[in-house]
Amino acid sequence: MSTLRNHLVGLAYLSLRVVAQLPSHRLRNLLLRTIYGLKLERGAIIYAGFFLRRPNRITIGAGSVVGTRCELDGRNGLTLGRNVNLSSEVLIYTLQHDPRDPHFATVGGPVTIHDYAWISARAIILPNVTVGEGAVVAAGSVVTRDVAPYTVVAGIPAKPIGERPRNLDYQPSAYVLPFS
């Protein structure tokens, strides 16, 4: 029975890889909502080439954009608020191995990214992290701890380097081309 289950899971991931390459974000969004259970609010867009783990445990708020080749791990729950911008190749993990465990056990927890946050290209967010409203994670950073609202962080591990204005009023998905 477990072999059959493994084959079905494999087929589901294979079909998700096909959906990830479709040339229309409208069609991708429709399939992700209806077949895979992704909670994707109106106006949110996922660019092609993504990789999702447990899409039924991922929520993406209205107006948010997920850039090309992003990897989103929903195994322990992932929530993106409204008007969040994930630039290309962002990696978000909710589960990882414990390097101190002699049996290489997994540890993790949910990731929450609040409204108007911007996670720049090739940044990595690790399990149990909350990125506050309006916060910015600079390109190539690795976030291992919570980021305060309207704080700009950079580096490995990410550390505060500045602040962002609090009067944010934009919708990243408004700037997306129809066939992206």
* Could you check, for segment 51-68, whether at least one of its residues is buried (at least 20 other Cβ atoms within 10 Å of the Cβ), out of contact with any Cys (no Cβ under 9 Å at 6 or more places or on another chain) and on the phi > 0 side of the Ramachandran plot? => yes
* Asked: Only one residue in Ser15, Ser87 is over 23 Å from Gly109 (Cβ atoms), free of Cβ contacts under 8 Å to residues at least 60 places away in the same chain and more than 12 Å from the chain's Cα centre (by Cα), so which one is that?
  -> Ser15
* Just one of Gly134, Gly155 is modelled with pLDDT of 95 or more, at positive phi and crowded, with 16+ Cβ neighbours inside 10 Å; which is it? -> Gly134
* **Restricting segment 32-50 to residues that are surrounded by fewer than 17 Cβ atoms within 10 Å (Cβ to Cβ) and assigned to a helix (DSSP H, G or I), the residue that is farthest from the chain's Cα centre (by Cα)** => Thr34
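Of a type outside the set (Gly, Ala, Ser), surrounded by 19 or more Cβ atoms within 10 Å (Cβ to Cβ) and at positive phi: does that describe Tyr116? First the steps, then the outcome.
Values: of a type outside the set (Gly, Ala, Ser): yes; surrounded by 19 or more Cβ atoms within 10 Å (Cβ to Cβ): yes; at positive phi: yes.
Against the criterion (of a type outside the set (Gly, Ala, Ser), surrounded by 19 or more Cβ atoms within 10 Å (Cβ to Cβ) and at positive phi), Tyr116 qualifies.
Surrounded by fewer than 21 Cβ atoms within 10 Å (Cβ to Cβ) and more than 19 Å from the chain's Cα centre (by Cα), is that true of Asp169?
Values: surrounded by fewer than 21 Cβ atoms within 10 Å (Cβ to Cβ): yes; more than 19 Å from the chain's Cα centre (by Cα): yes.
So Asp169 fits the description; yes.
The values are calculated or read from the model by the stated rules, or taken from the named source; none is laboratory data. Fair warning: this is a prediction, and the values are worked out from it, not measured in the lab. Using ideal geometry, Cβ is built from the backbone for each residue, glycine included, and neighbour counts are taken over all protein chains shown.
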